[in-house]
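*Asks:* Let me begin by handing over the structure; questions about it come next.
The values are calculated or read from the model by the stated rules, or taken from the named source; none is laboratory data. Predicted, not measured: the structure shown is a model, and the values here were computed from it. Note: ideal-geometry Cβ built from the backbone for every residue, glycine included; neighbour counts use all protein chains shown. SASA here: full protein model, heavy atoms, side chains in, ligands and nucleic acids out. Shrake-Rupley method; radii C 1.70, N 1.55, O 1.52, S 1.80 Å.
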Amino acid sequence: MQQELIDLKNQALAEVSDAQSEDALEQLSTRYLGRKGLLTGLLRKTGTLPPEERPAFGQLANQVKKELEQALSQASERLSSAGRGTASRRGVDPTLPGIRPRRGRLHPITQTERLILEVFNRMGFQVVETPEVELDWYCFEALNMPPDHPARDMQDTFYISDQVVLRTHTSSAQIRTMEKEKPPLRIVCPGKAFRRDSDATHTPMFHQVEGLMVGEDITFAEYKGVLINFVHQIFGPEVPVRFRPSFFPFTEPSAEVDIGCVVCKGDGCRVCSHTGWLEILGSGMVDPNVFKNVGYDPDKVTGFAFGMGIERIAMLRWGIDDLRMFYDNDLRFIRQF
Ligand code: DAH
């Protein structure tokens, strides 16, 4: 029976070294070492041997089993390392040209935001960012909009709770900054704003840049000068600018700034509703009540503030007529900028 065992081993080792695939090895493993395998079968016959021969036979059988297992695992390694170079086995063809990743670029809203900030940076304004989820105080109350103020209706608000809102404008940044810093101040505050509104000219989330300049003798002349300079830097030095009287609770007097229509150059067209003018921002001299709310003395300091929609500036720069294009994630659109 010992001889039988040795013959079995030699046969098995020969077959293992001939095996050409993992599948074949798997089959050999079952054929010899499986529950009904040949080696297992031989081992079961140990009991038929005379008792004094059993230990030696058992030892030899174990050794054969070990050798066979080792041969199988070495063969498996040999096959898999050879396979690594054989792409077809893995379904990969390394000779195919790769797919070139598309190069990213800045979204037109980001580009426009950066341009606006850069223009104000050159005039000495520093960038400040404040929270999007805001307390009623910063978004409304301190900006001279008490709870029953009709101007709150102008901005249909997303409420988180009674006192917490998604800011409807970046004007909240004025209050946050003035509460922390002493005048003089020159800041621009970019960021997201949110209103319950959705159509071709409104999205529930949009971007604004708020601006504020406060000091001991900031006059209406500075206010006009800074904003006219801004418009000329963005839209070109020939573009006409006008300050049209308006109302905001946090400024007095207030004005909206219009530029001559960039499409018809003032003749009147659909884009400017045949007025020849396009509104680009809200602004005014800071209301004394706002200064009082942040602990500034309105008899000592004056200032002006302004706020603009970045989407609107971007649309006018590039002649885009549907605001939703910015957020459809259509690369054919985005890639043009
Ligand atoms: N917060 C206003 C809005 O969202 C824009 C605005 C108007 C900001 C006048 C100002 C300002 O700072 O003085 O429509």
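*Asks:* Between rounded, prolate and oblate, where does region 193-289 land on the alpha carbon gyration tensor, with a ≥ b ≥ c its root eigenvalues, rounded for a/c under 1.5, else prolate if a/b exceeds b/c?
*Replies:* Here region 193-289 falls in the oblate category.
*Asks:* Calculate one ³J(HN,Hα) per residue across region 129-137 by plugging θ = phi - 60° into the Karplus curve 6.51 cos²θ - 1.76 cosθ + 1.60, and present them in order as whole Hz with x for glycine and proline.
*Replies:* Going residue by residue, I get 10, 10, x, 7, 8, 10, 6, 3, 3 Hz, with x marking Gly and Pro.
*Asks:* Please enumerate, by chain and number, the lysines with C-alpha under 22 Å from the C-alpha of residue 9, excluding those fewer than 8 residues away in the same chain.
*Replies:* Here the lysines satisfying the reach criterion relative to residue 9 are 36, 45, 65, 66.
*Asks:* Stretched out fully, how many nm does the piece from residue 148 to residue 289 gain, at 0.36 nm a residue minus the Cα gap?
*Replies:* 49.1 nm
*Asks:* Any idea what angle helix 22-33 forms with the longest principal axis of the chain, computed on alpha-carbon atoms, 0 to 90 degrees, nearest 10?
*Replies:* Orientation of helix 22-33: about 40 degrees from the principal axis.
*Asks:* Hey, another quick one. Considering only protein heavy atoms, with the full assembly of protein chains and a 1.4 angstrom probe, order 36, 224, 265 by accessible area, largest first.
*Replies:* I get 36, 265, 224, largest accessible area first.
*Asks:* Could I ask something else about it? In deg cm²/dmol and to the nearest 500, what is the mean residue ellipticity at 222 nm of the chain if only DSSP H runs of at least 4 residues count, each as -39500 (n - 2.57), divided by the residue total?
*Replies:* -12000 deg cm²/dmol
*Asks:* What does the extension gain come out to for residue 246 and residue 199, with contour length at 0.36 nm per residue minus their alpha carbon separation?
*Replies:* Full-extension gain reported as 14.5 nm.
*Asks:* Provide 192, 66, 9, 292 ordered by accessible surface of protein heavy atoms (probe 1.4 Å), highest first.
*Replies:* Putting 192, 66, 9, 292 in descending order of accessible area: 66, 292, 192, 9.
*Asks:* Another question, then. By the 4.7 Å beta carbon criterion, which cysteine residues of the chain come out unpaired?
*Replies:* For the chain, the answer is 139, 189, because their Cβ atoms have no other cysteine Cβ under 4.7 Å.
*Asks:* Okay, next question. Starting from the amide H of residue 246, placed 1.01 Å from N in the peptide plane, find each other amide H under 5 Å away whose residue is 5 or more places distant or on another chain.
*Replies:* HN-HN under 5 Å from residue 246: 254, 255, 256.
*Asks:* Which FRET efficiency value, to the nearest 0.05, is calculated for residue 263 and residue 300 with the Förster distance at 45 angstrom and r the Cβ-Cβ distance?
*Replies:* The formula returns an efficiency of 0.50 here.
*Asks:* If I model a spin label as a point 7 Å beyond the Cα along the Cα-Cβ vector, how far apart are those points for residue 18 and residue 222 in nm?
*Replies:* A separation of 9.8 nm, rounded to one decimal place.
*Asks:* In debye, nearest 20, what is the charge dipole magnitude of region 2-89 about its Cα centre with +1 on Lys and Arg Cβ and -1 on Asp and Glu Cβ, if you could check?
*Replies:* 240 debye
*Asks:* Moving on. With charges only on Cβ, +1 for K and R and -1 for D and E, what is the dipole size of the chain about its Cα centre, in debye, rounded to 20?
*Replies:* Charge dipole of the chain: 1500 debye, to the nearest 20.
*Asks:* Let me ask another. Taking a cut-off of 29 Å between Cα atoms, list the lysines near residue 300, but don't count ones fewer than 8 places away on the same chain.
*Replies:* 180, 182, 224, 292
*Asks:* Using alpha-carbon pairs under 8 Å, 6+ residues apart, how would you state the relative contact order of region 2-89 in percent?
*Replies:* 37 percent
*Asks:* According to the square roots a ≥ b ≥ c of the eigenvalues of the Cα gyration tensor, what is the shape class of region 108-334, taking rounded for a/c under 1.5, prolate for a/b larger than b/c otherwise, and oblate for the remainder?
*Replies:* Oblate is the answer for region 108-334, as a/c is 1.5 or above yet b/c matches or exceeds a/b.
*Asks:* With +1 on each Lys and Arg Cβ and -1 on each Asp and Glu Cβ, how big is the dipole of region 144-267 about its Cα centre, in debye rounded to the nearest 20?
*Replies:* With Lys and Arg at +1 and Asp and Glu at -1, about 280 debye.
*Asks:* Using the heavy atoms of the protein chains alone and a 1.4 angstrom probe, what is the accessible area of region 191-271 per residue in square angstrom?
*Replies:* 49 Å²
*Asks:* Give me the extension gain from residue 114 to residue 335: residue separation times 0.36 nm, minus the current Cα-Cα distance, reported in nm with one decimal.
*Replies:* 77.8 nm
*Asks:* Pairing the Cα long axis of helix 54-84 with the longest principal axis of the chain, what angle in degrees results, from 0 to 90 and rounded to the nearest 10?
*Replies:* 40 degrees
*Asks:* Another question, if that's okay. On a C-alpha basis, how far is the centre of region 139-183 from the centre of region 193-222 in Å? Whole number, if you could?
*Replies:* 12 Å
*Asks:* Sorting 262, 133 by accessible area (1.4 Å probe), largest first, what list results?
*Replies:* Largest to smallest exposure gives the sequence 133, 262.
*Asks:* Where does helix 220-235 land angle-wise versus the long Cα axis of the chain, in degrees 0 to 90, nearest 10?
*Replies:* 50 degrees
*Asks:* Take the solvent-accessible surface of the protein heavy atoms, probe 1.4 Å, and return the percent of it on the chain that carbon and sulfur atoms account for.
*Replies:* 50 percent
*Asks:* Name the residue from 254, 237, 294 whose Cα lies farthest towards the positive end of the charge dipole of region 225-332, charges +1 on Cβ of Lys and Arg and -1 on Cβ of Asp and Glu.
*Replies:* Sorting the options by dipole projection puts first 237.
*Asks:* If you don't mind, there's one more thing I want to ask. Relative contact order (percent) for the chain, with alpha-carbon contacts under 8 angstrom and 6 or more residues of separation?
*Replies:* 14 percent
*Asks:* Same structure, new question: To the nearest 0.05, how large is the calculated FRET efficiency for residue 96 and residue 327 if R₀ is 41 Å and r is the Cβ-Cβ distance?
*Replies:* The formula returns an efficiency of 0.70 here.
*Asks:* Per residue of region 190-204, what does 6.51 cos²θ - 1.76 cosθ + 1.60 with θ = phi - 60° give for ³J(HN,Hα)? Whole Hz please, x for Gly and Pro, Karplus curve as stated.
*Replies:* With coefficients 6.51, -1.76 and 1.60, one gets x, x, 7, 9, 9, 9, 6, 6, 7, 7, 5, 10, 9, 10, x Hz.
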